[in-house]
Structure formats: structure tokens, C-alpha cells
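The numbers here are math on the coordinates, done by the rules we state, and not lab data. Not measured: the values here are computed from a predicted model. Positions of Cβ are generated from backbone atoms using ideal geometry, with glycine treated the same way; all protein chains shown enter the neighbour counts.
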Amino acid sequence: MNRRDFFTLTKKETLASAPSLVSAILSGLEVYSGPFEKAQVIHLLRRTMFGVKQEDLEYFMGKTMEEAVDELLQVSPFPDPPVNNYNDSEITDPIVPFGETWVGAEYVNEVEGRRVSSLKGWWIRNIVEQERTIQEKMNLFWHNHIPTQFWGIFQANWSYQYMQTLHTHSMGNFRDLIKSMTLDPGMLHYLNGQYNNKWAPDENYSRELQELFCIGKGSNAAFTEEDVQVAAKILTGWRVDYSDNSIYFDDNAHDTEDKVFSAFYNNATISGRTGQEGKEELDDLLDLLLDNEECALFLCRKLYRFFVADLIDDTVETNIIEPLATILRDNNYNIAPVLSALFRSQHFFDALTLAVQLKAPNDYLLGMMREMRMKLPAKDDLSNAHQIGNSLSYLGMVLQQELGDPPNVAGWPAYYQIPVYDKSWISTDSLPKRGGVVGWFLWSGMSTEDDSFVSIMNLVEVVENLKSPENPNLVIDELCEWLLGIQPTDTYKTYLKSALLSGQSDDSYWTEAWVDYVDTGTDMAYETVYSRLKSLFWALLQLEECHLS
């Protein structure tokens, strides 16, 4: 049978129709008043967390929509710092003992790459073991919006400080975030800010501050080349002290002339200052950018595309983006009120916004790990933790989204590239690789070099947590409802059931095997159940719908 016969909507049809469906939505930011049941909870958790763990689904099913949104918008505690888990027979950190944190330690070129990989593994663990909040999704949002490249900077302490800044301001005040990022040592290095001086102003950060971070490149973003040049002069003089990674202001390198902007910024003038008072010009510049109405609109479009859908037509602009921008400005650029309004809205829960996003690679990869109960090595299992972290970072790179290293200062194209947007995550190259990850996680699992640790899908435990694991029909129904972006037809559910029953037609083929496992707990009974579940999940996790969020 042709796969197209199995679905009410095929993947191709779903992706082709999704933008037009979203554009047809007339709902706005009025508070959602419909049912808050499993479908709505799954939708909310898919967009705000990495994957939907069974425990999290059950937990939020006991909440109202308002309670769920409030809890998701809490700030998670900042995790303990990464440690030296990378010493081996080839390389030993000469400063930091095995098991102790390298944060704050002196730069050592020979081990800096190991520290960077330790940081990436630390971030991956934070995601896989995340709390029930939007924290990690917001960290990724801001990392994409105001990115640096860990490997390009090659200074692990700077990148760790960058991660601290993301976490601290993720749901706080955008002005505080952008100021902290402007004076971040990694950012000053990454976009040449530390070389910016009055004799040869460097326009790199000034351009990205307007074009990518605050104003954007939309049709109404009419700042000029002169605005870029003037802002660059304001930013002259900021430096990194390499001895302790602190930031200081070199007033001798600062341009003290008055800075005059274009009509886009109402021909504003920022007064030049001498001495250490030159620092104050940065605050004036940020006020100028945030006072421009396009700044709030631009940020709200980015949030919308990340959390809801990529297409923003005139209706969405009027009904959603403009009111969100008003909320942002009215709340002095605090982010949490915008997210609260968006996630509580009728628009967010509209049926036509469901399953219109393609999962980003780490949403797919690490979300699947969480859903399938795959384990990470214990934090004190140092060498194994480092190896598994490296494996997952590598898989992110293979799937086109290595954490810490977007392709350039604009972030990943899927979040901004018109008209493809998130469809660029799936290609003839990436789709087979996603299937390969499923096969690896399902059949052999990720293992360390000496096979002392293996992380594999815990399918039996997954099914044990379903409501009626002995009933093959209910198993299929619940798994499809939970794991798929849209429901397959009954015909394809029959196909999945056949995979579980190894082609048999009698439900007892599964029921008796499961009851035997529950009653006896023998290795043979477990292996029988596990073998049949592998066939089922191989069929299930290969579905196109598994890539939808």
C-alpha cells in the first residue's frame, strides 16, 4: 500500500498547507476559553520544552491553563558549573584537577577545546534533565537571536559567562540583556568590539545590533549606513581585560564628538562625552533603539516565529504582533508579560496552529531522548559523561544544529530565512540522518568507547506508563496521541498494530506476552516484550508526523 493512503494529511500536504492554514486564523490575544485537555497540554509543552515526558504530561494535566503557563514561565535555578570531565591518557589539564570546575581557571590553549566540549555537554545535560519550565527553550531562543560561536571564540570561560547572561535575562528585561551582551567578553571578541576605537571605528557590532538584534531588516527598518557608522563611534573604547576576563572602558579610545542619527531615529543627537563619562553613551544608544517602535515589533515577530508559526501575514501582524509589541513596550521591554499573553491566547491554542512547525534538530534529538527515557551518565561518572556529551553535540552538528555554534551571527536560517523557514531543517540529507539516529537509539544505543555505559530507548518503561499497556489497540492510540504532531488514519494505526503483533491478527499475541512479563518478570518475558516494542517504535518513530510540533 502506498504511504499516501495511510494518512488523512500526508507530510507533503501538511507542510504545503500549514502556512495558508495559519494565515486563515482570525483569533487574537483574547484569553483562551476552550478545553485544556491532553491535546492542548501536549501542544503547550511541545512548544515550551524539549519533548513531552510522560510525567510532565501527567503533571500538567492536573493544572488549569493559567496555572500551567504561570509555572512554565518560572526561571529555573542556574545549574552547577561544568567540571573537568575530559582528562584522559592523551591530555591532562595542568591547572584544573579532574572533577573540579574549570570555570574561572586561566586559559590553557592545549586544553581549551576540551573545556569547550565540556561546556557543550553541560548545556545538553541541562536540556535533557530540564525542570518543568521554558528556561531551556528561552536559552536557545536568545542564543539564536544574539549568537556567538563557542568554537570560534575558543575561550570556554567567555562562553560560560555568555550562558550565564542568557539564563539571567531569558525572561527578564530585554534592555538589560542587550546591554549585558554588548559588554560580554565573548561578544566583544566575536564581533570585534574590543578593537573598535576613535581612529578606526569598527562597524561590525553596530551593524548587527541594529540589523539582527534590535531593529531587524524588515520593510520598515529604515536605519541608514550613517546610523551604523554613528553607533559604531558610540561603542568605541570598550575592552576585555584578558588577565581576568573583565570589561573596562578605555576613554582614550572613545570618540567624544556628538553623534547625530537619521530621520528613522527622529534625527536624535547623542551628546559626546569625555573621560569615563563616555560609558554613558551606550545607555543613550540603547534607549534610542528601544524607543523606536520597530524594535518591539521585530522582537515579537521573532518570538512568534520561534514559538508559534513562521508565516506572519497582515492578519497576524494586526491581531498578534502589534498587540504583543504594545505589551512589550508597556512593560518596559520585560519579556515574561509578552510570553504570558501569547501562551494564554486563543490564537496559540487555535487548532490551526497545532503541528505547523517542524522540530528543530535538538528539539527532535534531545526531545526524543527525554520522551524515550534515555539516560545520561551520572554527573560523577566523569569520563562517560564527557563522551556521551560529545556524541550528542556531534549528532546536533550532523542534524544541522550544534549547540553553541550557529552558522553565523544571524543564527540558524530556519528561524529567519524567507520563505523556507523551518522547512530547511528537513532535506534529502538531514531526513535519512534523523532516521539513522532513531535506529541507533533504538537498536544499539549510544555507548562509550569501553561500553561501560550505554544509553538506549527504555521502551518497556515507556509502555508501562501508559494507561492500558496490555491492550494493543489502546497502546497504539495513546502513543499516536502523545508522540505524533497529527493523528494518522485508522488504516495506519492498523499498520502500527501489525508491527507490534509481528504480523499476527490476534490481540492476545501482545496481551499474553505483556501479562507474562508483568507476572513473571523473567529475562525471557522482558526480551519478548522488548523485541515487539522495538518493531512498533521503529515503525512509529519513522513517521513524518514525528517531525511535527
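Mind running the shape call on the range 243-319? Use the C-alpha gyration tensor, a ≥ b ≥ c as the square roots of the eigenvalues: rounded below 1.5 for a/c, prolate if a/b tops b/c, oblate otherwise.
It comes out oblate by the Cα gyration axes.
Using only Cα atoms, find the angle between the long axis of helix 293-307 and the longest principal axis of the chain, and express it within 0 to 90 degrees, rounded to the nearest 10.
Here the helix axis deviates by roughly 20 degrees.
Determine the calculated [θ] at 222 nm for the chain from helices alone, applying -39500 (n - 2.57) to every DSSP H run no shorter than 4 residues and normalising by the residue count; nearest 500 deg cm²/dmol.
-14500 deg cm²/dmol
Using modelled amide H (1.01 Å from N, peptide plane; none on Pro or chain starts), what sits under 5 Å from the amide H of residue 238, excluding residues fewer than 5 places away?
250
Spelling out what I want: for every residue of the range 111-125, take phi, set θ = phi - 60°, compute 6.51 cos²θ - 1.76 cosθ + 1.60 (Karplus), and round to whole Hz; glycine and proline get x.
10, 4, x, 5, 5, 4, 5, 4, 5, 5, x, 4, 5, 4, 4
For the range 76-84, take each phi angle, set θ = phi - 60°, evaluate the Karplus expression 6.51 cos²θ - 1.76 cosθ + 1.60, and give the result in whole Hz per residue in order, putting x for glycine and proline.
Those phi angles translate into 6, x, 6, x, 4, x, x, 10, 6 Hz.
Ranking request for peptides 134-140, 299-305, 249-255: highest mean number of other beta-carbon atoms within 10 Å first, then the rest in descending order.
134-140, 299-305, 249-255
Roughly speaking, what is the centre-to-centre gap between the range 349-408 and the range 52-85 when only Cα atoms are used, to the nearest Å?
Each part reduced to its Cα centre gives a spacing of 17 Å.
Using the scaling law 2.2 N^0.38 Å as the reference, what is the normalised Cα Rg of the range 175-308?
Dividing the Cα radius of gyration by 2.2 N^0.38 Å gives 1.04.
Rank the residues 314, 56, 363 as a footprinting-exposure proxy: fewest other Cβ atoms within 10 Å of their Cβ go first.
314, 56, 363
Most exposed first by the Cβ proxy, i.e. fewest other Cβ within 10 Å, how do 124, 321, 95 rank?
95, 321, 124
What number does the range 65-106 give for Rg over Rh if you use C-alpha atoms and the Kirkwood radius?
1.36
Residue 291 to residue 515: extension gain in nm, 0.36 nm per residue of separation minus the Cα-Cα distance?
The span from residue 291 to residue 515 would gain 74.1 nm if fully extended.
With the contact rule set at Cα under 8 Å and sequence spacing of 6 or more, what percent relative contact order holds for the chain?
Worked out over the chain, it gives 19 percent.
Would you mind ranking 320, 178 so that the residue whose beta carbon has the fewest other beta carbons within 10 Å leads the list?
Least to most surrounded, the residues fall as 178, 320.
Using the Cα atoms of the range 343-467, I'd like the radius of gyration and the largest Cα-Cα distance, Dmax, both in angstrom.
17.0, 52
What is the angle, in °, between the Cα long axis of helix 382-398 and the longest principal axis of the Cα atoms in the chain? Nearest 10 is fine, range 0 to 90.
Roughly 80 degrees, rounded to the nearest 10.
Which of the trypsin sites (Lys or Arg not before Pro) found in the range 215-281 are in a DSSP loop and have at most 15 neighbouring Cβ atoms, other than their own, within 10 Å?
In loop regions of the range 215-281 (DSSP not H, G, I, E or B), the sparsely surrounded trypsin sites (Lys or Arg not before Pro) are 217.
What is the ratio of the Cα radius of gyration of the chain to 2.2 N^0.38 Å, with N the residue count, to two decimals?
Normalised by 2.2 N^0.38 Å, the Cα Rg of the chain equals 1.05.
Compute the angle between helix 38-48 and the longest alpha-carbon principal axis of the chain, please, reported from 0 to 90 degrees and rounded to the nearest 10.
Computed tilt is about 40 degrees.
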